[in-house]
Amino acid sequence: MRIFRKSLKKATEEEKLLQKVHKGDKAAQELLYRQHVRYLAALCSRYVANDDDAKDVLQESFIKIFSYINTFEYRGEGSLRAWMARITLNEALAFIRKNCNAALVDIADYDDKVADDEIETEGIPTDVIYRFIRELPDGYRAVFNLYVIEDKSHKEIAELLGIKVNTSASQLHKAKAILAKKINQYKTINTI
């Protein structure tokens, strides 16, 4: 019961903050920004490798968030964060579609030798794995993140990125191959 009260209180505080933001309260807008900027910046960085581009995407996301905040319908704790993340993801994907079309073409040199098995990452620090993902070419990274992290199907990815379903599958396959190679090299060097 105590846990329920705590989450109810938190949701109420979030609703109060939203009401202030809706009224144009600059301090409330700043607080909302500070509460979510790190999470949304990390989301941008998963899709956009260049730091300056990721900052631009984040800025565009917040412009859109604050422009449309009055249309947001609060549905309980976590709904605001999910809504903001959806806007940010859409901005990142729009950036990829606009700037990385060359990276989203079908792969001619599809390597059938690479297994689609799970990549063994045990013993490798999380920050190293994230760095490897960030080093993937733009198209591979976008498809990998959407498939593995966002749990999207190849059909959904194809629609989001404006590519063919087979292109999504081949991009994922190549991303996994590159990651497997980097992870194996890391394990060899660090004798894991």
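Taking residues in the range 10-37 that are closer than 11 Å to Phe66 by Cα, and partners anywhere that are modelled with pLDDT of 95 or more and among the aromatic types (Phe, Trp, Tyr), the pairs with Cβ atoms closer than 9 Å and at least 6 places apart or on different chains are Val21/Phe66; Gln29/Phe66; Leu32/Phe66; Tyr33/Phe62; Tyr33/Phe66.
Taking Tyr47, is it within 19 Å of Glu135 (Cα to Cα) and at pLDDT below 95?
Here the answer is yes, as Tyr47 does meet what is asked.
Taking (1) at pLDDT 95 or above; (2) acidic (Asp, Glu); (3) surrounded by fewer than 18 Cβ atoms within 10 Å (Cβ to Cβ) in turn, Glu91 satisfies each apart from (3).
Across the range 72-88, the number of residues qualifying as crowded, with 19+ Cβ neighbours inside 10 Å and either in contact with a Phe, Trp or Tyr (Cβ under 7 Å, 6 or more places away or on another chain) or farther than 25 Å from Ile157 by Cβ (or both) comes to 1. Apart from one condition, Glu77 fits all of (1) over 24 Å from Arg141 (Cβ atoms); (2) at pLDDT below 95; (3) part of a helix (DSSP H, G or I); the exception is (3).
Of the residues making up the range 145-192, those that are out of contact with any His (no Cβ under 8 Å at 6 or more places or on another chain), under 23 Å from Cys44 (Cα atoms), of a type outside the set (Val, Ile, Thr) and without any contact (Cβ under 8 Å) to a residue 60 or more places away in the chain are Leu146, Asp151, Lys152, Ser153, His154, Lys155, Glu156, Ala158, Glu159, Ala175, Lys182. Somewhere in the range 55-70, is a residue at positive phi and under 18 Å from the mean Cα position of the chain (by Cα)? No, every residue in the range 55-70 fails to be at positive phi and under 18 Å from the mean Cα position of the chain (by Cα). Among the residues of the range 51-71, are any within 16 Å of Asp127 (Cα to Cα), among the aromatic types (Phe, Trp, Tyr) and surrounded by 16 or more Cβ atoms within 10 Å (Cβ to Cβ)? Checked against the condition, which is being within 16 Å of Asp127 (Cα to Cα), among the aromatic types (Phe, Trp, Tyr) and surrounded by 16 or more Cβ atoms within 10 Å (Cβ to Cβ), the range 51-71 yields no hits at all. For the range 178-192, name all the residues that are crowded, with 18+ Cβ neighbours inside 10 Å and over 13 Å from Thr121 (Cα atoms). Selection gives Ile178 alone.
If you go through the range 130-166 and keep only what is β-branched (Val, Ile, Thr) and either surrounded by fewer than 20 Cβ atoms within 10 Å (Cβ to Cβ) or closer than 13 Å to Ile96 by Cα (or both), you end up with Val143, Val148, Ile149, Ile157, Ile163, Val165.
One residue stands out among those in the range 140-192 that are of a type in the set (Ser, Thr, Tyr) and not in a loop (DSSP other than H, G, I, E, B): the one that is farthest from Leu89 (Cα to Cα), which is Thr188.
The values are calculated or read from the model by the stated rules, or taken from the named source; none is laboratory data. Note that the structure is predicted; figures quoted are calculated from it, not measured. Cβ atoms come from the backbone with ideal geometry, glycine included; neighbour counts cover every protein chain shown.
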